[in-house]
1. May I ask you to verify whether A:G62 is without any contact (Cβ under 8 Å) to a residue 12 or more places away in the chain and either assigned to a helix (DSSP H, G or I) or under 24 Å from A:Q15 (Cα atoms) (or both)?
2. Might you check whether a residue that is within 14 Å of chain B (Cβ to nearest Cβ), free of Cβ contacts under 8 Å to residues at least 12 places away in the same chain and not basic (K, R) occurs anywhere in segment A:8-23?
3. Within segment A:27-45, is there a residue that is more than 28 Å from A:Q127 (Cβ to Cβ), among the polar types (S, T, N, Q) and within 14 Å of chain B (Cβ to nearest Cβ)?
4. Inspect all residues belonging to segment B:112-131 and state whether any of them is under 14 Å from the mean Cα position of the chain (by Cα) and farther than 29 Å from A:L25 by Cα.
5. Across segment A:49-59, what is the total count of residues that are more than 15 Å from the chain's Cα centre (by Cα) and either within 12 Å of another protein chain (Cβ to nearest Cβ) or in a loop (DSSP other than H, G, I, E, B) (or both)?
6. Report yes if some residue within segment A:47-65 is surrounded by 13 or more Cβ atoms within 10 Å (Cβ to Cβ) and either in contact with a strand residue (DSSP E or B) (Cβ under 9 Å, 6 or more places away or on another chain) or of a type in the set (S, T, Y) (or both); otherwise report no.
7. Against the condition assigned to a helix (DSSP H, G or I) and surrounded by fewer than 19 Cβ atoms within 10 Å (Cβ to Cβ), how does A:E38 come out, does it pass?
8. For segment A:16-25, indicate whether the set of residues that are under 30 Å from B:S31 (Cβ atoms), out of contact with any helix residue (DSSP H, G or I) (no Cβ under 7 Å at 6 or more places or on another chain), part of a helix (DSSP H, G or I) and among the aliphatic types (A, V, I, L, M) is non-empty.
Amino acid sequence: MQRQVALIKQSLFDQGYLDEQFIELEELQDDANPNFVEEVATLYFKDSARLISNIEQALERGSFDFNRLDNYMHQFKGSSTSIGASKVKTECTMFREYCRVGNAEGCLRTFKQLKKEHATLRKKLEQYFQASK
Amino acid sequence: MGVVTESQFHVLAVDDSLFDRKMIERLLQKSSCQVTTVDSGSKALELLGLRESNESDDPNATSTSPFVCNFAQEVEINLIITDYCMPGMTGYDLLKRVKESAAFRSIPVVIMSSENVPARISRCLEEGAEEFFLKPVKLADLTKLKPHMMKTKLKKESEKPAEEVKPEIEEEESPVIEILTLHQELESEQQEPMLSNNKRKAMEEAISTGRSRPKYNDITTSV
């Protein structure tokens, strides 16, 4: 079981889903707080699901309020960075760049990719935490 | 037993994001600090007892609530760490309010931000922030806080109760405080394995420069 956990974790890093910030999180875990990483990850996915939904609604409305979109993405990027979600972070950066130049199509395209990366990470981390139990 | 081992540092952490509050809380706990988190600058001021009731934008929040009333009297805050970007009162606004207050201006304030904006950073430092941390804040960043928190603790101890620090007294006492700071920091260091050896070495060197101090290996640690 330990080996399984180690393998999942290694592949998450090798494939670039997670970066060294995730290791910083693991260092905060100890006997008194044995589930810290999972708790924080749960909080992250709850938070980011809300942000994704907000962004989706904003985009569906058709009128691109780039300021507002950028604001959402600023938060999203922040927590993604804090959790070590490397690929998601990259998409956030790209999205913000498209907001900055007012490129609506770029935003839509990037957002689609972002959701994909986010969903993949979620699944993989769920596997990881499950295997760690 | 040194003062540091008897009472922990207490940090007030301010961030509007629940996720970030959880992060900073754990980081601070891991650094052996007691933490109180609030989600806004105005709540922070309320907790400190700085906020007037007519400023309250929450009709249900009263500064006569037991928690708030007792907090300012019973808890000694050694550091305020706050996010910069918050709705309503920004971290910068909070910093200004704290530094404008006679009672609390000596509390060190640290600003955190996920954005690296040099103008923002210098503005905060000029206003009196001790440090500016880029998010995500790391454990290593927090080791920079100990010296700042140590200063207020020692200052409080050298003050008579209910007296404000007079500038002349500060100046006279500063060499003494400095020596004590290094000594106390060394003691606390020995209980914190996470601090790097480099820092320990620097401490050793500082202690050994011409002051009459016990030798490093004679200092007892209480665990």
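1. No; evaluated as a whole, the condition is false for this residue.
2. Step one: list which residues in segment A:8-23 are within 14 Å of chain B (Cβ to nearest Cβ), which gives A:18-23.
In the following step, the residues that additionally are free of Cβ contacts under 8 Å to residues at least 12 places away in the same chain were identified as none.
No; the residues of segment A:8-23 include none that is within 14 Å of chain B (Cβ to nearest Cβ), free of Cβ contacts under 8 Å to residues at least 12 places away in the same chain and not basic (K, R).
3. Taking segment A:27-45 first, the residues more than 28 Å from A:Q127 (Cβ to Cβ) are none.
There is no residue in segment A:27-45 that is more than 28 Å from A:Q127 (Cβ to Cβ), among the polar types (S, T, N, Q) and within 14 Å of chain B (Cβ to nearest Cβ).
4. First pass over segment B:112-131, keeping only residues under 14 Å from the mean Cα position of the chain (by Cα): B:112, B:128-131.
Those still in the list that are farther than 29 Å from A:L25 by Cα too: B:128.
Yes - at least one qualifying residue is present in segment B:112-131.
5. Residues of segment A:49-59 that are more than 15 Å from the chain's Cα centre (by Cα), as a first pass: A:54, A:56-59.
Next, only the ones that are either within 12 Å of another protein chain (Cβ to nearest Cβ) or in a loop (DSSP other than H, G, I, E, B) (or both) stay: none.
Qualifying residue count, segment A:49-59: 0.
6. Yes, segment A:47-65 contains at least one residue that is surrounded by 13 or more Cβ atoms within 10 Å (Cβ to Cβ) and either in contact with a strand residue (DSSP E or B) (Cβ under 9 Å, 6 or more places away or on another chain) or of a type in the set (S, T, Y) (or both).
7. On the way: assigned to a helix (DSSP H, G or I): yes; surrounded by fewer than 19 Cβ atoms within 10 Å (Cβ to Cβ): yes.
Taking the combined requirement at face value, the residue satisfies it.
8. There is at least one residue in segment A:16-25 that is under 30 Å from B:S31 (Cβ atoms), out of contact with any helix residue (DSSP H, G or I) (no Cβ under 7 Å at 6 or more places or on another chain), part of a helix (DSSP H, G or I) and among the aliphatic types (A, V, I, L, M).
The values are calculated or read from the model by the stated rules, or taken from the named source; none is laboratory data. Predicted model only: the values in this text are computed from it and were never measured. Note: ideal-geometry Cβ built from the backbone for every residue, glycine included; neighbour counts use all protein chains shown.
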